[in-house]
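A.B. asks: I have a structure here, written as structure tokens, and I will follow up with some questions on it.
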């Protein structure tokens, strides 16, 4: 899914398109699109949703990215969610100010978390996106309006950028695609649910997974469904924290200099960047698409990121997962022909 964002920036940036409207008009269009499609907001009819998850492409069938997301929702402060995949299962109940969790598995995959959110809240960082519109690059292509901006990251020596996008379908005013640090999805198959336009297909991550909604119905009351005081819950909540690179690097275990391989093409010197997810023990468990000045080094960069080790990140005395962005400088030689 993030590869779509990169494609938008690389390909669309080569061609000049007409800019539509001003920032105020665009902000209004984005807010209207989000209001139409967000399920977990005041005024939504209480619902039960179930989605089945599988790789978008058959070539990724071995990725293990299959699962289920099921949500029972009464209000923004009273809901239950169950998510599962081959390596993890979680039940979470929110009732008033209380949260109850039961987790089976030591790592909550980021692609599963983001999918569970995007199904009911397609633009979870709305205010962050709106704040970028004034300085964004606005393009119009094939019936959609693209709002694009860059998010910087630095290792303290060099800076790099990865693109972010919100795209609206002009014919419907609904979200077609969005993506930035920690959120994003590709939306299709919209259907009406009591005044909300809900995408029945949501694609997330890389390798990309597609969630297909198989049940969306009015909530039927069930005794104990939203009981956040039930016994058997975990003593501590499992959380994923978004963190900037410089703060995350303070936990990075020392490593020696990287011996970059020689390259046949592309620049021998530059910067490579990717999002990573670190588990509660400090291991890198997921790496997003590598954005590099030399794509020939992407596979090597991926392995370097996976080999990193961090001291566990702790919040309020409890270890947490961390989503951050890592920037690596590379300098190598030209391979002999």
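Each value in this text was obtained by applying a stated rule to the coordinates, not by laboratory testing. Note that the structure is a prediction, hence the values are computed from the model and not measured. All Cβ positions, glycine included, derive from the backbone under ideal geometry; neighbour counts span all protein chains shown.
A.B. asks: Fewest first, what order do 309, 280 take by the number of other Cβ atoms within 10 Å? Walk me through the numbers before you get to the answer.
C.D. replies: Values: 309 14, 280 21.
Exposure proxy ranking, most exposed first: 309, 280.
A.B. asks: Distance from the Cα centre of segment 78-149 to that of segment 273-295, in angstrom?
C.D. replies: 19
A.B. asks: Here's another thing I want to ask about it. What FRET efficiency do you get for residue 314 and residue 52 if R0 is 35 Å and r is their Cβ-Cβ distance, rounded to the nearest 0.05?
C.D. replies: So, using R0 = 35 Å, E works out to roughly 0.50.
A.B. asks: By count of other Cβ within 10 Å, fewest leading, how are 93, 209, 263 ordered?
C.D. replies: Neighbour counts put them in this order, fewest first: 263, 93, 209.
A.B. asks: Then there's this: Just grab the label-to-label distance for residue 63 and residue 239, each label 7 Å out from Cα along the Cβ direction, in nm (one decimal).
C.D. replies: Distance between the two pseudo-spin positions: 2.9 nm.
A.B. asks: How far is it, in nm, from the label point at residue 295 to the one at residue 99 when both lie 7 Å from their Cα along the line to the Cβ?
C.D. replies: In this crude label model, residue 295 to residue 99 measures out at 3.9 nm.
A.B. asks: Sequence gap at least 6, Cα distance under 8 Å: using those rules, report the relative contact order of the chain to the nearest whole percent.
C.D. replies: 19
A.B. asks: Using only helices, what value at 222 nm comes out for the chain when you add -39,500 (n - 2.57) per DSSP H run of length 4 or more and divide by the total residues, to the nearest 500 deg cm²/dmol?
C.D. replies: About -5000 deg cm²/dmol.
A.B. asks: Let me ask something else about it. Sorted by packing (mean other beta-carbon atoms within 10 Å per residue), highest first, where do 240-247, 324-331 land?
C.D. replies: Highest mean packing first, the order is 324-331, 240-247.
A.B. asks: Label-point separation (nm) for residue 212 and residue 24, each offset 7 Å from Cα along Cα-to-Cβ?
C.D. replies: Here the answer is 4.5 nm between the modelled labels.
A.B. asks: Could I ask something else about it? Most exposed first by the Cβ proxy, i.e. fewest other Cβ within 10 Å, how do 236, 251 rank?
C.D. replies: 236, 251
A.B. asks: I'd like the antiparallel share, as a percent to the nearest 5, of DSSP beta bridges with both residues in the chain.
C.D. replies: Counting only bridges with both partners in the chain, antiparallel ones make up about 95 percent.
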